[in-house]
Protein chains: 2
Amino acid sequence: MESKGLQPMDSEQLRENAHKMVDFIADYYKSIENFPVLSQVEPGYLRELLPDSAPNQPETLQNVLDDVQAKILPGVTHWQSPSYFAYYPSNSSVAGFLGEMLSAGINMVGFSWITSPAATELEMIVLDWLGKLLKLPEDFLSTGQGGGVIQGTASEAVLVVLLAARDRVLRKLGKNALEKLVVYASDQTHSALQKACQIGGIHPENCKLLKTDSSTNYALSPDLLSKAISDDISTGLVPFFLCATVGTTSSTAVDPLLSLGKIAKNNGIWFHVDAAYAGSACICPEYRCYIDGVEESDSFNMNAHKWFLTNFDCSALWVKWQFLPVENENWGGILLEFEVKVPFSNEASIALHMHDRNALIQSLSTNPEFLKNKASQANMVVDYKDWQIPLGRRFRSLKLWMVLRLYGLENLQCYIRNHINLAKYFEGLVAADSRFEGCKYCLSCQLAHLTWDKPLLGLVVVTPRIFSLVCFRLLPPNNNEDHGNNLNHDLLDAVNSTGKIFISHTVLSGKYILRFAVGAPLTEERHVTAAWKVLQDEASALLGSL
Amino acid sequence: MESKGLQPMDSEQLRENAHKMVDFIADYYKSIENFPVLSQVEPGYLRELLPDSAPNQPETLQNVLDDVQAKILPGVTHWQSPSYFAYYPSNSSVAGFLGEMLSAGINMVGFSWITSPAATELEMIVLDWLGKLLKLPEDFLSTGQGGGVIQGTASEAVLVVLLAARDRVLRKLGKNALEKLVVYASDQTHSALQKACQIGGIHPENCKLLKTDSSTNYALSPDLLSKAISDDISTGLVPFFLCATVGTTSSTAVDPLLSLGKIAKNNGIWFHVDAAYAGSACICPEYRCYIDGVEESDSFNMNAHKWFLTNFDCSALWVKWQFLPVENENWGGILLEFEVKVPFSNEASIALHMHDRNALIQSLSTNPEFLKNKASQANMVVDYKDWQIPLGRRFRSLKLWMVLRLYGLENLQCYIRNHINLAKYFEGLVAADSRFEGCKYCLSCQLAHLTWDKPLLGLVVVTPRIFSLVCFRLLPPNNNEDHGNNLNHDLLDAVNSTGKIFISHTVLSGKYILRFAVGAPLTEERHVTAAWKVLQDEASALLGSL
């Protein structure tokens, strides 16, 4: 044998270089306020700065870091900047970062229990921990025979449960019933649902996005849902999936889980709750009410990588244990006893029932020879490959575990409350400037947050702030609504072009609305104050030029 | 406003703690040979070691690291151990690790170009670099209007192109043609294909896994494929997708791309090439021949996270530019001019043609209001959200860029060749022990690697070693094949239970075969020698006890 050449995993090289990288990253955070929040480069900027092909000979880390500084960072939109208020946050934290480091350090691929038992078991345990902080019902926890799994994104979470629900009903009705299957959600639901339908072969016209408006603060009306379901059943369609949202992407609308869940249950529909953004707030007792009714759902999702200090990606999905007597299910002659996996349990009787976790596994499992092993064959373990789209998976529970342990519940609650207070503060600033329209925060509005389905008293002009997102807009001069949308579009462009802040937009009832989402881990009151100054200045300039 | 409480992203806290983590990880690699390669814990071990719920108050990093050492690492299967020879490798490297650190440090979410232009543009550039190292045809590169994208896994890669192909044909034939669509592959194809079919609603009986055997070294026979396609067309089915593999998971079989590709082209079938494992070897001129014929394919995939030193996950997928005159496509009246995205190009004529990259985008794009922005609306940029299942995505190109730059092509070629040499060395050890059956390496066998479709001369007993995987088995005493499979199953169990090495298995033509996959970044000749000693010792013990 010849010389060994490259030593790509030498521990002392790792130590030396990784210490350098730590300092580079720490220095980045020290100077993060010096960068434009939204990158101001032009399309194609990078190709001109980099060679056409990979080098033949190695370069030094310093070379690469110099290029990161000079060529990459100018093209980065700084999601961790304290002046980032766009979309929703995507939190980094010291704990989350350490978890990512450790996960990348161990670099194992945990598709089956045996390929790293700790990865599977820590994920089950940590999602039980998080489920308990959210006060999810026992039947969502792995100790209650439901269980959690970390998906990459909420898109993948809704996709896997949609597929489980689809296959559950197709096993009853036959594959050719696919064209009859109907999905329900509000028109405020994240586009991920439509994409999931498209992937799963649901006919686009059967993905029914029911209309919402300001009368329910853009929440889905149970009455509309009931009517849609009856209408569809009467024309021979098969309702099978309902997606409700707690904290929509546009405006943090909260669908009424309890009423919707009862309708779903009465119609044998899989009920999924997407609380990707707002779920984090529900660890605070005063916000837990927004997921009241989750006990009626079959699956629940929140993104720890949004507003919960766990670096991207970490989307927590729980699926519920649910008793469904076998006699109610006609599974085409498949004997369920041979299918159901009941880890860590000896209760044979459980094998006589179906539950949703198992529907997920039935839909997504593969069992090729090269992955067979004793623990899996004996049904003694969870193999998360059967709970997700990909086969391989990273050790993502480490970072969530670190966030929970290095911060603790009380700090995490404080973190959430601080952002909500900052959003309230911003809301007050908007309300005090008569050129703008925001949520005129008042008792009736406050009540409306909790009893959304009562008609509002007309005081909420845009839509209420519930969590840490403020929706607002610049009023068009002379109430000339013809110019309102362009005006706000131009204001968005103007403030983002300053590089001082980054905000985003939505459209509600035809009106172009600006979104100010507080939630970056470095944001303090002074950043909100400064952001408002930028908005006011750019608004003055725009209005002055009209 | 109250006190700010938690400071989760303080740069000096990050610096201090991340330096500690670096040392923890470097020390892990220093001592990695002390751990059992395959974790020896029992199912449920971790729940007994951890509390039932998250703490209210923060804990120290040292607490957590102590727990990692005492409770997590015993449950880890050490994929980076030099004595890991199971499945396929999943390489870590200093460069890959640094890239992961930087990506987690910046922690941005690059779904659209605007959310971090550098992330999208570096990905395009680096996949062009890698495509050039693999000598992919120009029409797979973004400079040639095709382009690469990093998926999480090969499962997602095959899924997205399957969906693109499905929707392309359904747009012609109507949604209800789904039940007629047929997919082809060999029975050696990764189970990810079947899972993709299941997700995409392809009827299971229309996922045709054509039989292979030792006469073609388990490669797919073009004759069988042609016949299957004709038969299916004659019964009214619609062939639409072919997946060939270069380096199957079982035995590194290489499907003959050129012949298969021509059949696919003649039948208007999307041709995908899965070179997840073996693609890495094709950066060496002497192995490039195994992907000859890739020019006939529509999409090509290799996993940089397997054998290319780029930490998991980094699965590179390229889709090809392909001229298809519009008049051959009946797109239900949709004017393509308004659909086709041609980034960084002003050639209006291109808008008159379809290509596969666009089929991908047509299948997976969403365009909700809250994500609209100038650059995307003007079709000036690539938005990778439309090339993948999830919306959010990490800055994964950084680690691949670092691997290419910090090592350079020549070192990477040397790395691959070193592993192949180690596999040859192991092969020689097996051949020298008459109790075992391996590949009796000889000229005819060597030729067979290149001219697989000629009948072999009968000297290959298990299946030839082509790359860094050796398939072998212990011969049953007295040629009593009744015991052969149990014997090898027991040998696998015995060697893995020692904790000294980890290997895996497959079944070929009904025979239980052991797989010895060289490819971990720390593996040296001495580890292969020691592994063989473990195998011989355990074999002696087993044979002695018979």
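Only one of the numbered conditions (1) in a helix (DSSP H, G or I); (2) more than 7 Å from every other protein chain (Cβ to nearest Cβ) is violated by residue A:86, and that is (1). Quick check on my filter: what residues within segment B:512-542 are open to solvent by 20 Å² or more (accessible area, probe 1.4 Å) and over 25 Å from the mean Cα position of the chain (by Cα)? Passing the criteria: B:525, B:526, B:529, B:530, B:533, B:536, B:537, B:538, B:540, B:541, B:542. Here residue A:397 clears all of (1) farther than 30 Å from residue B:194 by Cβ; (2) open to solvent by less than 10 Å² (accessible area, probe 1.4 Å) except the condition numbered (1). Residue count for segment B:358-384 satisfying the condition of being more than 9 Å from chain A (Cβ to nearest Cβ), open to solvent by 10 Å² or more (accessible area, probe 1.4 Å) and assigned to a helix (DSSP H, G or I): 4.
When you look at residue A:494, is it under 26 Å from the mean Cα position of the chain (by Cα) and either among the small types (Gly, Ala, Ser) or assigned to a helix (DSSP H, G or I) (or both), yes or no? Considered against the rule, which asks whether it is under 26 Å from the mean Cα position of the chain (by Cα) and either among the small types (Gly, Ala, Ser) or assigned to a helix (DSSP H, G or I) (or both), residue A:494 comes out as no.
Restricting to segment B:19-47, name every residue that is basic (Lys, Arg) and within 13 Å of residue A:12 (Cβ to Cβ).
From segment B:19-47, those basic (Lys, Arg) are B:20, B:30, B:47; that's our starting set.
If the condition is that a residue be basic (Lys, Arg) and within 13 Å of residue A:12 (Cβ to Cβ), then B:30 is the only one that fits.
Taking residue B:252, is it of a type in the set (S, T, N, Q) and open to solvent by 10 Å² or more (accessible area, probe 1.4 Å)? Outline the logic, then answer.
Details: of a type in the set (S, T, N, Q): yes; open to solvent by 10 Å² or more (accessible area, probe 1.4 Å): no.
Here the answer is no, as residue B:252 does not meet what is asked.
Screening residue A:2 with (1) under 32 Å from the mean Cα position of the chain (by Cα); (2) modelled with pLDDT under 95; (3) not basic (Lys, Arg) gives one miss only, at (1). When B:220, B:163 are checked against the criterion of being away from chain A (no Cβ under 14 Å), open to solvent by less than 10 Å² (accessible area, probe 1.4 Å), farther than 20 Å from residue B:306 by Cβ and touching a residue at least 40 places away in the same chain (Cβ under 8 Å), a single residue qualifies: B:220.
What about residue B:274, is it of a type in the set (Asp, Glu) and under 21 Å from the mean Cα position of the chain (by Cα)?
Working: of a type in the set (Asp, Glu): yes; under 21 Å from the mean Cα position of the chain (by Cα): yes.
Yes, satisfied.
Residue A:118 falls short on exactly one of the conditions (1) touching a strand residue (DSSP E or B) at 6+ places or on another chain (Cβ under 9 Å); (2) open to solvent by less than 20 Å² (accessible area, probe 1.4 Å); (3) not polar (S, T, N, Q), and that condition is (1).
Among the residues of segment A:512-528, write down those that are within 11 Å of chain B (Cβ to nearest Cβ) and either touching a residue at least 40 places away in the same chain (Cβ under 8 Å) or assigned to a loop (DSSP other than H, G, I, E, B) (or both). Before you say what the answer is, go through the steps one by one.
If we filter segment A:512-528 for residues that are within 11 Å of chain B (Cβ to nearest Cβ), which is where we start, we get A:512-513, A:515, A:517, A:520-526, A:528.
Selection gives A:513, A:515, A:517, A:520, A:521, A:522, A:523, A:524, A:525, A:528.
Of all the listed residues (A:141, A:173, A:210, A:130), the sole one being more than 17 Å from residue A:242 (Cβ to Cβ) and open to solvent by 10 Å² or more (accessible area, probe 1.4 Å) is A:173. The lone criterion from (1) open to solvent by 10 Å² or more (accessible area, probe 1.4 Å); (2) more than 9 Å from chain A (Cβ to nearest Cβ); (3) more than 30 Å from residue B:511 (Cα to Cα); (4) in contact (Cβ under 8 Å) with a residue 40 or more places away in the chain left unmet by residue B:157 is number (1). The residues of segment A:178-194 that are open to solvent by 10 Å² or more (accessible area, probe 1.4 Å) and out of contact with any Pro (no Cβ under 9 Å at 6 or more places or on another chain), listed by number, are A:178, A:179, A:180, A:187, A:188, A:189.
Just to be sure, is residue A:509 touching a residue at least 40 places away in the same chain (Cβ under 8 Å), more than 11 Å from chain B (Cβ to nearest Cβ) and of a type in the set (Ser, Thr, Tyr)? The answer is yes for residue A:509. Report, by residue number, each residue of segment B:96-112 that is facing another protein chain (nearest Cβ under 7 Å) and part of a helix (DSSP H, G or I). Hits for segment B:96-112 are B:97, B:98, B:100, B:101, B:102, B:104, B:105, B:106. Taken over segment A:41-55, residues that are open to solvent by less than 60 Å² (accessible area, probe 1.4 Å) and closer than 13 Å to residue B:381 by Cα amount to 5. Within segment A:405-440, no residue satisfies the criterion of being in contact with a Gly (Cβ under 6 Å, 6 or more places away or on another chain), over 21 Å from residue A:488 (Cα atoms) and more than 11 Å from chain B (Cβ to nearest Cβ).
Of the set (1) in contact (Cβ under 8 Å) with a residue 40 or more places away in the chain; (2) facing another protein chain (nearest Cβ under 8 Å), all apply to residue A:23 but (1). Report whether or not residue B:484 is within 25 Å of residue B:187 (Cα to Cα), out of contact with any Ser or Thr (no Cβ under 8 Å at 6 or more places or on another chain) and either buried (at least 24 other Cβ atoms within 10 Å of the Cβ) or of a type outside the set (Ser, Thr, Tyr) (or both). So residue B:484 fits the description; yes.
The residues listed here are A:6, A:49; of these, the one that is within 21 Å of residue B:100 (Cβ to Cβ) and not aromatic (Phe, Trp, Tyr) is A:6.
Residues in segment B:26-40 that are facing another protein chain (nearest Cβ under 7 Å) and either farther than 25 Å from residue A:18 by Cα or buried (at least 18 other Cβ atoms within 10 Å of the Cβ) (or both): B:26, B:28, B:29, B:39.
The values are calculated or read from the model by the stated rules, or taken from the named source; none is laboratory data. Since this is a predicted model, take the numbers as computed values, not measurements. Methodologically, a virtual Cβ is constructed for each residue, glycine included, from the backbone with ideal geometry; neighbour enumeration extends over all protein chains shown. Please note that ligands, DNA and RNA were not included when accessible areas were found on the heavy atoms of the full protein model with its side chains. Shrake-Rupley method; radii C 1.70, N 1.55, O 1.52, S 1.80 Å.
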